[in-house]
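None of the figures in this text is laboratory data; all of them are computed from the coordinates on show. Remember, it's a predicted structure, so these values are computed and weren't measured experimentally. Here the Cβ positions follow ideal geometry from the backbone for every residue, glycine too, while neighbour counts run over all protein chains shown.
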Amino acid sequence: MSLLVQDIIQMGEKQLIEAGIDNPRGDAEEIYCNLMHVDRAKFFMEWSEPAADRTCEQFFDMIARRAKHEPLQYIVGIQGFLNLAIKVQPGVLIPRLDTEIVANTACEVYKQKKGDTVLEIGCGSGAIAITMAKEVRAKVTAVDINPLACELTKENASHNGVKVDVLCGDMFEPVKKKKYHMIISNPPYIRSDEIAGLMPEVRDFEPVEALDGGPDGLLYYRRIAEGAPEHFKKGGTLILEIGDDQAEDVAAILEDTGVFSDIQVGKDMTGKNRAIVASYTGK
């Protein structure tokens, strides 16, 4: 007798419970919906229908991956980000809910300022760059040192119907002497000695180079503060994602350059510090 959809969902949930997965039922349902390309309404309509043998095989293969704590997003290949569907893959950092605050902040600041050119340093899957290109029609250049990230950003830009100029290289090197009205970055900012204590989904599967911000977590903020000034047009704006305990340190790094002012801290939906916005006051 064939297994019903409800049977395989319950079996998948049980396997995930035993593996210590936080949201076993939700993950099992999302895996099925993604596998079968159905929304929640159709999923519940199929609840009492037989599941094909091939469907069962693929479903339990995906459940086995999740039971090993592989991130759900890598398994289903997609992550929602604001109004976008962003493709994700192993080897590239998964976009976070925290980063939506940074993207929204950048869009709001962009609307208030003159100028249309934006540079993102460390684009990952392209979520911020594509949001700005789509929501405020910014002319965005996105840079990442990871070739996988660069290709994924190109794919996501095409998938979401926008143009983003993607360059592969370290920090500001690929843009040569070009200047921009806005520079954005969500750099690695986790302290090196904290990496081992991260949840296994992050520690064991996401690229460590996209997480590790050096011994104090501030390595890339210093590099950005040093390199950004020569790439700003007059009156430019710098927007950075930060760890919730890094606002004072990052603000101090920017202040020490002598070319940033009006430094403001933005908070996420839980009230934690999440973004730094600074005005470039150099020539």
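Here are the numbers for the structure shown:
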read-out: Cα long-axis angle, helix 97-112 against the chain (0 to 90 degrees, to the nearest 10); value: 40
read-out: Farthest positive-ward along the chain dipole, Cα basis, beta-carbon charges - from Ala252, Ile183, Ala103; value: Ile183
read-out: Cut-off under 5 Å, modelled amide H: who pairs with Tyr189 long-range; value: Gly213
read-out: Proportion of all alpha-carbon pairs of the stretch 77-138 beyond 13 Å (%); value: 60
read-out: Amide hydrogen neighbours beyond the local backbone of Phe81, cut-off 5 Å, H modeled; value: Ile86
read-out: Residues whose placed amide H lies under 5 Å from that of Ala142, excluding near-sequence neighbours; value: Glu120, Asp165, Val166, Leu167
read-out: Helix 247-257 vs. the chain, principal-axis angle (Cα, 0 to 90°, nearest 10); value: 30
read-out: Magnitude of the charge dipole, the chain, Cβ model with Lys/Arg +1 and Asp/Glu -1, debye to 20; value: 1520
read-out: Three principal axis lengths of the stretch 1-99 [C-alpha, angstrom, descending]; value: 46, 28, 21
read-out: Subset of Lys177/Lys272; Lys87/Lys234; Lys178/Lys272; Lys14/Lys42; Lys176/Lys272; Lys178/Lys267 violating a 28 Å alpha-carbon distance limit; value: Lys177/Lys272; Lys87/Lys234; Lys178/Lys272; Lys176/Lys272; Lys178/Lys267
read-out: Taking N as its residue count, the alpha carbon Rg of the stretch 134-283 over 2.2 N^0.38 Å; value: 1.08
read-out: Partnerless cysteines, meaning none of the other Cys C-beta atoms lie under 4.7 Å away, in the chain; value: Cys33, Cys56, Cys107, Cys123
read-out: Label-point gap, in nm, between Asp39 and Phe60 - each point 7 angstrom along Cα→Cβ; value: 3.2
read-out: The chain - Debye-derived log10 I(q)/I(0), Cα point model, q = 0.11, 0.13, 0.15, 0.17 Å⁻¹; value: -0.68, -0.88, -1.09, -1.31
